[in-house]
1. Take the residues in the range 221-265 that are β-branched (Val, Ile, Thr) and part of a loop (DSSP other than H, G, I, E, B), then tell me which one is surrounded by the most Cβ atoms within 10 Å (Cβ to Cβ).
2. From 104, 71, grab the single residue that is within 30 Å of residue 151 (Cα to Cα), out of contact with any Ser or Thr (no Cβ under 8 Å at 6 or more places or on another chain) and not polar (S, T, N, Q).
3. If I go through the range 190-211 residue by residue, how many of them are outside any strand (DSSP E or B), of a type in the set (A, V, I, L, M) and within 22 Å of residue 241 (Cβ to Cβ)?
4. Give me the helices (runs of 4 or more DSSP H) completely within the range 266-351, filtered to those with at least 2 residues that are on the phi < 0 side of the Ramachandran plot, more than 25 Å from the chain's Cα centre (by Cα) and of a type in the set (Phe, Trp, Tyr), ordered by residue number.
5. Do you know which residues across the range 67-84 are of a type in the set (Gly, Ala, Ser) and crowded, with 20+ Cβ neighbours inside 10 Å?
6. Being in contact (Cβ under 8 Å) with a residue 40 or more places away in the chain and either out of contact with any strand residue (DSSP E or B) (no Cβ under 7 Å at 6 or more places or on another chain) or under 27 Å from residue 131 (Cβ atoms) (or both) is true for just one of 201, 236, 217. Which residue is that?
7. Search the range 356-367 for residues that are surrounded by 15 or more Cβ atoms within 10 Å (Cβ to Cβ) and pair each with any residue that is at pLDDT 95 or above and of a type in the set (S, T, N, Q) when their beta-carbon atoms are under 7 Å apart and the residues are at least 6 apart or on different chains.
8. Using the structure shown, decide if residue 304 is in contact with a helix residue (DSSP H, G or I) (Cβ under 8 Å, 6 or more places away or on another chain) and open to solvent by less than 50 Å² (accessible area, probe 1.4 Å).
Amino acid sequence: MAQIRLGLIGAGNIGSAHIQTIHERCPEVVITAVADRRASRREWAMKQLPDARIFEEGSALIAEGAVDAVLVAVPHYQHPGLAIAALDRGLHVLVEKPAGVYTLQVRSMMAAADRHPEKTFAMMFNQRTNCIYRKAKEMLAGGELGQMKRVSWLITDWYRTQNYYDSGAWRATWAGEGGGVLLNQCPHQLDLLQWLCGLPVRVRAFCHEGKWHDIEVEDDVTAYLEFENGATGVFVTTTGDAPGTNRLEITGSKGKLICENNQLTFFRNKADEREWCFTCAEGFKKPEYEIIPVETDGKNDQHAGVINAFAAHILRGEPLVADGREGIRGLMLSNAMHLSSWLEKTVSLPIDEELFYRLLMERCKTSRLKQDQDVTFSTEGSY
């Protein structure tokens, strides 16, 4: 097999970008089928891919058996169902973020992947390809920061207009999307947070729903985190700040690491703070430190990197960027933040998944219906 025959399920904002990416940067992948419920997107796909088969439903594309693999890029609730159908049909599966809306449905998807271990199951966590975060993980895993003490992520540059939310009937509704900034924009940061630092064991979050936009889901979140080793953290995000900030700061006993403006900087202590604290003979003296701009390999392949690794795993067994089973971890953190806010108290991880599902379904019952505007935006520069 020289090329993977890929079926793209969803030709909206990100699906459209995937078509261009695959055409330009993924030589081992060819799109042979596309599915989308909107007639305008099917017509667009026909023009872009005249040799591809076009379907209205992803289930029909899967059943046809004309592809080796599928890339699921539709509204979040549909991710697990389509992935399960594809795996059970004998197809390899790559799922866009998030893995799903609630962890219970993602567990069903993971079970399907376990039933078919011969099939490749991957998540589109394209931010893991960023050299900044890859290097940060290497340093943390190598013990260069010592004992982790604190993590702070201020990620407020996800600005979205009201027109963005009005562009799709499913957007920013409990029934259609299942959440707001935590579920749509921040799955990347939530995945990276747990990938770098591990999952916290307790979360207290405040999710403001419709604070900056006319929507029913959260567009402003502040969360406090506690980790098993006693480290603490803060995660702040919104789609309402302009200009916004993207600053990740991780403090350990041997210094702190700052990721900001596509740069990684290490403030390295000349002595471990934990040792210094109990051996220094002075009351106010801080450990000396040096500021080190961290060199990386400069590579940041984003979606192309994930798709190429997906193809290479199918063809030659090479490593994935992210196994599909890892998608539940960032979603667990997202669900924990919602649950904490709804209950107005601290919650422990893993959360009560049945309780979360019940409370989410209660919100879905009163979720408002919107008219689909049939708008597709370019996603260039948004990730």
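1. Once the filter is applied, the top-ranked residue is 239.
2. Being within 30 Å of residue 151 (Cα to Cα), out of contact with any Ser or Thr (no Cβ under 8 Å at 6 or more places or on another chain) and not polar (S, T, N, Q) holds for just one of 104, 71, which is 104.
3. 3
4. On the way: elements: 273-279, 302-316, 327-343.
Counting at least 2 such residues, we get 273-279.
5. Listed by number, the residues that qualify are 69, 73, 83.
6. Numbers: 201 fails: either out of contact with any strand residue (DSSP E or B) (no Cβ under 7 Å at 6 or more places or on another chain) or under 27 Å from residue 131 (Cβ atoms) (or both); 217 fails: either out of contact with any strand residue (DSSP E or B) (no Cβ under 7 Å at 6 or more places or on another chain) or under 27 Å from residue 131 (Cβ atoms) (or both).
Just a single option satisfies the conditions, and that option is 236.
7. Close Cβ pairs satisfying both conditions: 356/335; 367/173.
8. yes
The values are calculated or read from the model by the stated rules, or taken from the named source; none is laboratory data. This structure is a prediction, so every number in the text was calculated from the model and none was measured. Cβ atoms come from the backbone with ideal geometry, glycine included; neighbour counts cover every protein chain shown. SASA here: full protein model, heavy atoms, side chains in, ligands and nucleic acids out. Shrake-Rupley method; radii C 1.70, N 1.55, O 1.52, S 1.80 Å.
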